[in-house]
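Nothing in this text is a laboratory measurement; each read-out follows from the coordinates by a stated rule. What you are looking at is a predicted structure, and each value in this text was computed from that prediction instead of being measured. Heads up, the Cβs are rebuilt from the backbone with ideal geometry, glycines too, and the neighbour counts pull from every protein chain shown.
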Amino acid sequence: MENNRIGDNLKAILKQLPAKGVELVAVSKFHPLEAIREAYAAGQRAFGESRVQELEAKTAEAADSMPELRWHFIGHLQTNKVKQLLRLRPALIESVDSTRLLSAIDNEAEKSNRVQRVLMQVHVAAEETKFGFLPSELLSYFRNREFENLKAVHICGIMGMASNTDDTARVARDFAEIRALFDLIKAENPDLRGFNTVSMGMSDDFPLAIEQGSTMVRVGTAIFGERQY
Ligand SMILES: *Cc1c(COP(=O)(O)O)cnc(C)c1O
C-alpha cells in the first residue's frame, strides 16, 4: 500500500462535506484491520460493517488499541444474529428492515440493560433486491405510534440507498424521497426525540445525497479502495 493513501482519501472526502451536519461513516467491510488503523490514525472514528462474523473478529482486535472507535452495523441482519451483534456494542444499527427485527433488538437490548440506537432502513431504489421498509409501511409504523412499545431501542432516523444507476436524476429523486419521508415522519410526530439522522450517500453518490439533505454518508470504496471479496 502506498504511503498514507487512506488518510489522503479521507481528507479529500471530508473536504467535500459541509463544515457541519454531515457525519462520515467509513465503510470498512471486507477490508483488513490495518486499513481501519490507518483511517483511525487519520482521525476517523465511525466505521461501518455489514456482517456480524466479520465485525466480531475486528472488535476483538480493535478494542484496546482504538478505544474511540464506533461501529455502525449497516448490513442485513438476521434475527438469530441479534444477540451476537448486541454483545459487540454497535453504536448504531443502521439497517433495521422489519418490525420483527426491531422487536428482537429491543428484547435483547432490554435484557442487557442498554439502549440500542437504530435507524429504520427504507427501500426506494429500483432494485427489488434491496432490503428495507416501503415508505408507506414506515409511515404507518409511526402513524400507529408503534414505537411507543419499544423498551430499549431508540430510533434515531432513517437510512436508505438510491437506485444503482448512472441516471443522476433518478438517484437525486430517490434521495429526495428518503429525505421527504424523514421530514414527514418528523412533522407528524413532533414528540419523537432525537429523530435527526438521514443516512444516505455512498462512494459514487454522496455529493448528490448531501444536496438532497443527507446527514450521514457511508463511504467505503472511495476511502479504502476496491473490496476483495
Ligand atoms: C457497502 C456499503 C456501503 C459503501 O459502499 P461504497 O460504494 O463502497 O462506498 C454503504 N452502505 C451500505 C449499506 C453498504 O452495504
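Descriptive notes on the structure:
- Sites listed here are GluC sites (Glu not before Pro) in segment 118-174 whose DSSP assignment is loop and whose Cβ has at most 11 other Cβ atoms within 10 Å: Glu127, Glu128.
- Along each principal axis, taking the top coordinate minus the bottom one, the Cα set of segment 1-85 gives 40, 28, 21 Å in descending order.
- Amide H contacts for Ser95 (H built 1.01 Å from N in the peptide plane; partners 5 or more residues away or on another chain; cut-off under 5 Å): Leu119.
- Amide H to amide H, with H built 1.01 Å from N, Glu23 comes under 5 Å of Met216, Val217, counting only residues 5 or more places away or on other chains.
- Length-normalised contact order of the chain in % [C-alpha pairs under 8 Å, at least 6 apart]: 21 percent
- Phi to ³J(HN,Hα) by Karplus 6.51 cos²θ - 1.76 cosθ + 1.60 over segment 155-160, Hz, x for Gly, Pro: 7, 9, x, 10, 10, x
- Three-way shape label, the chain, alpha-carbon gyration tensor, a/c 1.5: oblate
- Residues whose amide H falls under 5 Å from that of Gln116, counting only those 5 or more places apart or on a different chain, are Val153, His154, with hydrogens built in the peptide plane.
- Among Ser65, Ser163, a tally of other beta-carbon atoms within 10 Å of each Cβ gives an order, fewest to most, of Ser65, Ser163.
- Share of pairwise Cα separations in segment 40-87, more than 14 Å, in percent: 51 percent
- Highest mean packing first, where packing is the average number of other Cβ atoms within 10 Å per residue, the peptides 71-84, 182-195 line up as 71-84, 182-195.
- Pairs from Lys20/Lys186; Lys83/Lys111; Lys111/Lys151 whose Cα-Cα separation, in the structure shown, is over 18 Å: Lys20/Lys186
- Other residues within the sphere of radius under 15 Å centred on the Cβ of Leu69, judged by their own Cβ, net out at -3 (K and R +1, D and E -1).
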